[in-house]
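The next block holds one structure in the form of structure tokens; read it before the comments.
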Amino acid sequence: MVRFEDVSFRYGTSANVLSSLTFHLEPGSFHFMLGASGAGKSSLLQLMYLWQKPTEGRISLFGRDVAELSRDEKALMRRRIGVVFQDFRLLDHLSALDNVALPLRVAGRRSAALDEHVAELLTWVGLGDHIEAKPPTLSGGQQQRIAIARAVIARPSLLLADEPTGNVDDRLALRLLYLFEELNKMGTTVVIATHNEHLIQRFSHPVIRLAGGDTIPAPELRREAERQHFGEA
Amino acid sequence: MLLAHRDVPLDKDPSARFLPWLIAFMVYLAALALAGAIAVSNLTERWDRGLSDQMTVQVPPPRGEENAMLQSERVAAALETLRGERGVRTAEVVDDAEMAALLEPWLGEAGIREDLPLPALIAVEVVPGNPPDSERLEGMLQAAAPGVVVEDHQRTLGRFLAVTQSLQLLALLVVGLVAGAAVLSVVFVTRTGLAVHRQVIELLHLIGARDNYIAGQFQRQALKLGLAGGLIGVGLAGGTILVLGQVFATSESVVVPELALSLRQWLLLVLVPPATALVAMATARWTVLRTLARLS
Ligand SMILES: Nc1ncnc2c1ncn2[C@@H]1O[C@H](COP(=O)(O)OP(=O)(O)OP(=O)(O)O)[C@@H](O)[C@H]1O
Ligand SMILES: [Mg+2]
């Protein structure tokens, strides 16, 4: 599903943010990604959703080397990836409903029936009363839930969530994590980046630890990678 | 489809307000330049129709020693020479009444005074397609009656046609420049839009929009603004042409052009707004696709 081979990444001429990462995420797996602020969690996710290109190494998604994709192929691949951005990236001029429906419209799949589905999903994340609200009129936690709904609406094969529960209380955070688990049970590969160690202790999913800078990948990630290598051999 | 959802909020950009007027202004200029060219060509056509296959021979009254020869003899000699020419079909002296009518605009109704030394005029109709060489003819006439002048309308007209053709070329040049400026302004507005809405476009890309989809957003907006601009511009130009046409029609002078469009020309004018809209749309599409393709 997601394969990194000796991937290093840095912004411009600064020091490496990620160094020599090699790992493989199995289809249908569920990973948490832990790391201090600035450790490179968002950067790693950006590599996975094709927003950044690795400085060195090779990334394959869905069995294809991403360096070889044309712009249109990248677009089609991104339709299979749902992303919850750390800064939400909602469109302020669109209602909650239209924001969530956007991936469907962009893929040419929008219809009245799907709109109903969108409204249901918004209700499920507790925004039933704010379907027509514009994001700037909503709280941070409400905006975050719109962002989550938008990431999952098209039933992506790969879900990447960057700090998806940072703005909600623990009870709601759990509810949202269960949503990701539901999706995972239906086959979606999930990666969730977070600071919140306490929250993820309730789950038994493997954890990717990023130490940041030029340090070698954390043991969990390395072990994961080695296991993958063995598994392949 | 035009009212369909806008993912990129282009209709709130300042350009949504000024671009139609900019385009309207340019369409107006172009339409007037074309109408001017059409008017000039109407004028030449009118003159051409009236003047082709004709020459005028002036026999001025005798002077000094030539007094010996009477004016009537001079006219008779000129007529004889003319009628002996193969390229001449008819040659008739313009009589006094016609002369008076011709001169009325300049001399008023007082008419021609007896002592006014007017030349006699001979209207010559030449054989179409095979007119006599006017310079040779003038030489022969000079021999028969000194001082005779041949006015070849074809030659005058030829010079005039050259002038009107350059005016028409100029009008086309204006249209070309205006169209170029309009295209450039759409390019500029589109690029500005891409920059202003960069974050929205990034997000659309991130959730799987193709460049085509983004281009569609800009292209629809350009179509709308171009159509609005074209309609305003053509409306104003049509009004101006009608009003000027009225003004020109009331002055009966031969040098004032006739500013009347034919049905075909009006139809062409009606086609300008959709054409403007399509050009604006194509320009926006091309600009977006080219700009986005450079991103990766
Ligand atoms: N656009 C950028 N240009 C240059 N440097 C950047 C950019 N984005 C991030 N960085 C740097 O890369 C490093 C990793 O940042 P990143 O955002 O991936 O961390 P993070 O683990 O997501 O942190 P947080 O938990 O605070 O979100 C940081 O040192 C940061 O300063
Ligand atoms: Mg981050």
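The values are calculated or read from the model by the stated rules, or taken from the named source; none is laboratory data. Because the structure is a prediction, the values reported are computed rather than measured. Neighbour counts are summed over all protein chains in view; Cβ atoms, including those assigned to glycine, are modelled from backbone coordinates with ideal geometry. The protein model used for the area step is the full one, side chains on, heavy atoms only, and it has no ligands, DNA or RNA in it. Shrake-Rupley method; radii C 1.70, N 1.55, O 1.52, S 1.80 Å.
Listing for the model above:
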| quantity | calculated |
| --- | --- |
| Electrostatic dipole magnitude of chain A [Cβ: Lys, Arg +1; Asp, Glu -1; Cα centre; debye, to 20] | 300 |
| On Cα atoms only, tilt of B:211-250 relative to the major axis of chain B in degrees | 30 |
| Stokes-Einstein D (µm²/s) once Rh is taken as the Kirkwood radius of the range A:27-92 over alpha-carbon pairs, at 20 °C in 1.002 mPa s | 158 |
| Estimated dipole of the protein assembly as shown in Debye, rounded to 20 [Cβ of Lys and Arg +1, of Asp and Glu -1, Cα centre] | 3360 |
| Where only C-alpha atoms are counted, convex hull volume of the protein assembly as shown per residue in Å³ | 231 |
| Number of partner chain Cβ atoms within 10 Å, mean per residue of B:199-205 | 5 |
| Expected 222 nm ellipticity per residue - DSSP helices of 4 or more, -39500 (n - 2.57), all of chain B, to 500 | -23500 deg cm²/dmol |
| Residue-normalised accessible area of chain B, given per residue in Å² at a 1.4 Å probe | 56 |
| Relative packing of A:168-181, A:70-83, B:224-237, which averages over residues the other C-beta atoms within 10 Å, highest first | B:224-237, A:70-83, A:168-181 |
| Cα long-axis angle, helix B:153-196 against chain B (0 to 90 degrees, to the nearest 10) | 10 |
| Taking all pairs of distinct alpha-carbon atoms in chain B, Kirkwood radius in angstrom | 24.4 |
| Area hidden from solvent between A and B (accessible, protein heavy atoms only, 1.4 Å, total, Å²) | 2000 |
| Peptide A:105-113, shielding by other chains (average Cβ, 10 Å cutoff) | 3 |
| Amide N of the range B:186-224 lying under 14 Å from the label point, which is placed 7 angstrom from the Cα of B:A293 along Cα→Cβ | B:211-212, B:215 |
| Extension reserve of the B:L242-B:W266 stretch, reckoned as 0.36 nm per residue once the Cα distance is removed | 7.5 nm |
| Rg in Å to one decimal, and Dmax rounded to a whole Å, for chain A via C-alpha atoms | 17.6, 54 |
| Inter-chain Cβ neighbour average for residues B:207-220, partner chain, 10 Å | 5 |
| Considering only the protein assembly as shown, percent of DSSP beta bridges that pair antiparallel, nearest 5 | 60 |
| Prolate/oblate/rounded call for the range B:92-250, Cα gyration tensor, a/c under 1.5 rounded | prolate |
| At R0 = 41 Å, FRET efficiency that the Cβ-Cβ distance of A:R155 and B:V163 yields, to 0.05 | 0.05 |
| Percent accessible area from carbon and sulfur atoms, the range B:140-296, protein chains only, probe 1.4 Å | 72 |
